[in-house]
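Q: Okay, here's the structure, questions in a sec.
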Amino acid sequence: MTEAMPYLTGERVGRIAVITLDDGCLDNFLYAAPILKKHGCTATCYAVSQHMGSFNQWDAARLNVKKPLMSRDQLREWASMGLEVGAHTQTHARLTQTGDYRLNEEIDGCKSDLEAVLGTPVTQFSYPHGNWDSRAAHAVRSAGFRAAVTTRRGRSRPGDELFCLPRVKVRGCDFPLLFALKILTRYEDRHQESALKRRAPGRNHGQEMRSVHHGQGSRRQLQRI
């Protein structure tokens, strides 16, 4: 995501794709990282800082599956390969349902936790469950992040609001033609436009999208700019 910032702000011109992965699942490290490295690609993995080396305690019961998460050492190795680590709160909290104190703890605390592990600034954020509103976006901005992604469907464009960026959801069952439609055409943009028309005033943005599992359960998102 950090490499995409000049394109999002209009400082550079071009069409690029950004690979993002939520939660910091171990399969990102075991399977995605070698493939990304082989093909000279980068990606941003958003980690839940108080569950490093644990599992997806926030939805394991609902999904009936425990997805192992990267440990501190594995996150450091991920970063050493030129891959980015972003923040995904301390406990994968639904930010629109938390009080102000906990909201700031989840966001600021995650940033501090990850920076202590990595020894480098963490400047990118992803809203857990895709759950966000203007209060959460303000807290993320105030914490010193440069941008934040949602699960709202669509392709990002230069000039978009940096703290509620949409993404294109890529699933294992997407056949090649559908994948091409998603990233090369207005296929996802039309979904975004329809969702905006349906959204009722005052409703929280970014309602949760159903998780998609690959290997041990990673969820992948791809932004097209």
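The values are calculated or read from the model by the stated rules, or taken from the named source; none is laboratory data. Values in this document were obtained by computation on a predicted structure and should not be read as measured data. Neighbour counts run over all protein chains shown; Cβ positions are idealised from the backbone, glycine included.
Q: Only one of GLY14, GLY53 is under 30 Å from THR185 (Cβ atoms) and in a loop (DSSP other than H, G, I, E, B). Can you tell me which?
A: Only one candidate passes the filter, namely GLY14.
Q: Working carefully through the options ALA116, ALA143, find the one that is closer than 12 Å to SER49 by Cβ and hydrophobic (A, V, I, L, M, F, W, C).
A: The match here is ALA116.
Q: Can you find, within the range 72-92, the residue that is nearest to ILE107 (Cα to Cα) among those that are under 15 Å from the mean Cα position of the chain (by Cα) and in a loop (DSSP other than H, G, I, E, B)?
A: By that ranking, first place goes to THR89.
Q: Got a number for residues in the range 17-35 being of a type outside the set (Phe, Trp, Tyr) and over 17 Å from the mean Cα position of the chain (by Cα)?
A: Going through the range 17-35 one residue at a time, the tally reaches 3.
Q: Kindly state which strands (runs of 3 or more DSSP E) lie completely within the range 131-225 and contain at least 3 residues that are in contact with a Phe, Trp or Tyr (Cβ under 7 Å, 6 or more places away or on another chain) and modelled with pLDDT of 80 or more.
A: 147-153
Q: Here's something else I'd like to know. Please count how many residues of the range 19-50 are in contact (Cβ under 8 Å) with a residue 60 or more places away in the chain and either assigned to a strand (DSSP E or B) or surrounded by fewer than 23 Cβ atoms within 10 Å (Cβ to Cβ) (or both).
A: 15
Q: Separate question: Here are some conditions: (1) under 17 Å from the mean Cα position of the chain (by Cα); (2) closer than 23 Å to GLN74 by Cβ; (3) part of a helix (DSSP H, G or I). ALA116 meets all but one. Which one does it not meet?
A: (1)
Q: Going residue by residue through the range 61-71, is there one that turns out to be outside any loop (DSSP other than H, G, I, E, B), among the aliphatic types (A, V, I, L, M), closer than 22 Å to THR151 by Cα and over 18 Å from the mean Cα position of the chain (by Cα)?
A: yes
Q: Would you mind telling me which numbered condition in (1) buried (at least 18 other Cβ atoms within 10 Å of the Cβ); (2) in contact (Cβ under 8 Å) with a residue 24 or more places away in the chain THR98 fails?
A: Here THR98 meets the rest and fails (2).
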